[in-house]
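**Q** I'd like to ask you about the structure that follows.
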Amino acid sequence: MKIIGFSLDELHAKKSFEFKRTAISTDVIFVNVEKAKLDIIKDSEALRIAFKFTVNYKDSEKKDSAEKNEVLVSGSMLLMTSKDESKEFLKSWKNKEIPKDKALGLYNEVLKK
């Protein structure tokens, strides 16, 4: 498996309030996995994996408050995979999961960018 493309589609930031103390939470969610058609790849297959990366900042002094500051980044990665890997990805995506042995590398790639 090789990552051959990476694109950011949306960047959204929301600032609701000023605060001094903060609780920060991050989350990477894979939204979709689908086959991509690339004419330059003959022996392998290509997959497009869409993701959303969010960072939430909540005021730790206001425990019950729903207000938060948020940064949202969404995009997609293009992977070149073998036919077996492609089948594994698509099979596990039926349960809305990424293969466990591949997930850590994909999470790290999103965080690096």
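**Q** Specify which of the listed residues (LEU47, LEU78, LEU72, LEU38) is touching a His at 6+ places or on another chain (Cβ under 8 Å) and at negative phi.
**A** None of the others qualify; the one that does is LEU72.
**Q** Out of (1) surrounded by 12 or more Cβ atoms within 10 Å (Cβ to Cβ); (2) in a strand (DSSP E or B); (3) of a type in the set (Asp, Glu), the odd one out for GLU109 is which?
**A** (2)
**Q** Where residues in the stretch 17-67 are more than 30 Å from MET80 (Cβ to Cβ), surrounded by 13 or more Cβ atoms within 10 Å (Cβ to Cβ) and aromatic (Phe, Trp, Tyr), which of them is modelled with the highest pLDDT?
**A** Here the answer is TYR57.
Per-residue answers, yes or no, for (1) in contact (Cβ under 8 Å) with a residue 40 or more places away in the chain; (2) closer than 22 Å to LYS15 by Cα; (3) not aliphatic (A, V, I, L, M):
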position	(1), (2), (3)
ILE41	no, no, no
GLU61	yes, yes, yes
VAL71	yes, yes, no
SER74	yes, yes, yes
MET80	yes, no, no
ASP84	no, no, yes
PRO99	no, no, yes
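**Q** Residue under question is SER7, and the condition is that it be closer than 17 Å to LEU111 by Cα, touching a residue at least 60 places away in the same chain (Cβ under 8 Å), out of contact with any Cys (no Cβ under 6 Å at 6 or more places or on another chain) and not β-branched (Val, Ile, Thr); does it hold?
**A** Considered against the rule, which asks whether it is closer than 17 Å to LEU111 by Cα, touching a residue at least 60 places away in the same chain (Cβ under 8 Å), out of contact with any Cys (no Cβ under 6 Å at 6 or more places or on another chain) and not β-branched (Val, Ile, Thr), SER7 comes out as yes.
**Q** Let me ask something else about it. Examine the stretch 12-30 for a residue that is of a type in the set (A, V, I, L, M, F, W, C), assigned to a strand (DSSP E or B), without any contact (Cβ under 8 Å) to a residue 60 or more places away in the chain and in contact with a Ser or Thr (Cβ under 9 Å, 6 or more places away or on another chain), and state whether such a residue exists.
**A** yes
The values are calculated or read from the model by the stated rules, or taken from the named source; none is laboratory data. In this text, all values refer to a predicted model and were calculated from it rather than measured experimentally. Cβ coordinates were reconstructed from backbone atoms using ideal geometry, including for glycine residues, and neighbour counts include every protein chain displayed.
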